[in-house]
1. What about Lys347, is it part of a helix (DSSP H, G or I), more than 30 Å from Ala71 (Cα to Cα) and at pLDDT 90 or above?
2. Given Thr136, Thr159, Thr165, which one is in the same structural domain as Ile34 (by TED's automatic domain parsing) and buried (at least 22 other Cβ atoms within 10 Å of the Cβ)?
3. Which helices (runs of 4 or more DSSP H) sit wholly inside segment 1-118 and have at least 2 residues that are of a type in the set (Asp, Glu) and free of Cβ contacts under 8 Å to residues at least 40 places away in the same chain?
4. Looking at segment 398-406, can you tell me whether even one residue there is surrounded by fewer than 15 Cβ atoms within 10 Å (Cβ to Cβ), modelled with pLDDT of 90 or more, of a type in the set (Lys, Arg) and part of a helix (DSSP H, G or I)?
5. Going by the conditions given, is Ala367 at pLDDT 90 or above and either farther than 26 Å from Asn301 by Cβ or not polar (S, T, N, Q) (or both)?
6. Is segment 245-253 home to any residue that is hydrophobic (A, V, I, L, M, F, W, C), modelled with pLDDT of 95 or more and under 19 Å from the mean Cα position of the chain (by Cα)?
7. Could you tell me how many of the residues in segment 228-259 are over 20 Å from Val291 (Cα atoms) and free of Cβ contacts under 8 Å to residues at least 60 places away in the same chain?
8. So which of Glu128, Glu167 is outside any helix (DSSP H, G or I) and under 25 Å from Arg20 (Cβ atoms)?
Amino acid sequence: MVTYGVPPQAAETRAMIDERLREAIAANGEKISIEWRGQPKHLYVISMPVGLLYFNPDTHRIRAQRTLDPARDRLLDNDPWGESSQDYLAKLLRCQPADPDKVDPEFESLRDSLESFGQKDPGIITYEGILVNGNTRCAALRDLGEKYIRVGVLPDSSTWDDINTVELSLQLRKEFKRDYSYINRLIAIAEQMRSGRRVEDIARDFHIRTKTLEQDQWVYAVILDAIERSKTAAGAALRLVDFEDHQEKLREMHRAYKQLAGTDKDAAEALKESRLAMVVLNFAKTDLRHVQGDFHVKYLNQKLPSFARPSVEDSSSVSIPGLPGVVVPDSAPATKAARTLTDQVLKARATASLTAPGADIGQVTQASQVITAVRDSFEGALKPAGRDGTLRQRQLAAPDRLSDACDLIDLCMGDLAKARATQALDQPAFDDAVVRLRESLEKLAKQASRAFPEPGDGVAWLLSITDPNNE
């Protein structure tokens, strides 16, 4: 964990806090309750000048957005209390998580509420004047020209680990109106996992199921891997903030991956790679649903331009570096081709996103052309994939519904046995339901006789039991 030291003028800030805390204690003033090192603690609330306090460079609220500007992000680590760094934090606290160039409507709503109704909930600061909770409220109060903010003060022994723990626990109370963004929640969950806490405890704190937490862990690992794979020789790379607006796409990708991995791990990997490329290319969630394990080979590969069509040799095994003679099965060629293409897309997107003054315009232009060509190829491949997917759904719709009906009849048998054992069976109602079942089967048989000129055993049986002449 990075530690940021203390801000300048910390001694003067301490003196002011001490004086105001003494006044609050003497008047038995307002308090705010927090969880402090596993125990409840009540902090006295004081009023502090908004211009004297410092935004927290390690707040979870904008952890992902810090990567928006790598140079200023590095400056935050080296000089967190300088004017430039604090201005950068103030900008990030106001912006949309997925589009940092725009002001977040939720921030504007908070600012309007503060203007109309004043500050309802106190923030939290350290003895050095670092905002632990209330960073966004402080930014909004500064915009409004307010002079003071009400805050509780953490004990003097607070560490950076305490600061992060208190901030997270207060956010998860759901008492504050502006939630962490998706990626910042993933970062916070990952930190909790690294601290050694149990999965069940973390899921409870974040108000999610353990299955959702495990899904989020998988997604976060995919994002970090994608960022690593996007790095270019020129120093370009995707950022965490680039994935901020793709929560549902990534979660659906995980569900599709897990479902397919149970029967075909290579196909699941190919699905993941193709869908990841589409996320980076900003396709809609409904488009991603057409991509299955065979998408790259069956629909996409032939539509790719030659420069984007990976050449992958088939190999049955690979050796392990440092372990002579040890080999493991290699990925299927289709999976390797999908991964190679995704690597190209990741690097091209990272390069095309460069806006720094020193960026190579030629490389940026070439990367943009790659993105356009590959996206066009995906769009062309989605049309037949979508048609085939719709056809498969139609082909399986009737069998799936009949299978569901069988499951319900199986459950009915159990209910019937229980009702008979307890003498609780409504016989007339059951008889009426059986009559309705017979009528439904007769209608089904009529449709089946038209659909199957040469019926198999199952359909033949259905026709026989519903034929009035077969008594």
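The values are calculated or read from the model by the stated rules, or taken from the named source; none is laboratory data. Please read these numbers as outputs of a predicted model, since none were measured by experiment. With ideal geometry, Cβ positions are generated from the backbone for all residues, glycine too; neighbour counts draw on all protein chains shown.
1. No: the conditions fail for Lys347.
2. None of the others qualify; the one that does is Thr136.
3. Fully inside segment 1-118 and qualifying: 10-26, 83-94, 105-117.
4. no
5. Against the criterion (at pLDDT 90 or above and either farther than 26 Å from Asn301 by Cβ or not polar (S, T, N, Q) (or both)), Ala367 qualifies.
6. Yes, there is a match, as at least one residue in segment 245-253 is hydrophobic (A, V, I, L, M, F, W, C), modelled with pLDDT of 95 or more and under 19 Å from the mean Cα position of the chain (by Cα).
7. Number of matching residues: 3.
8. It is Glu128.
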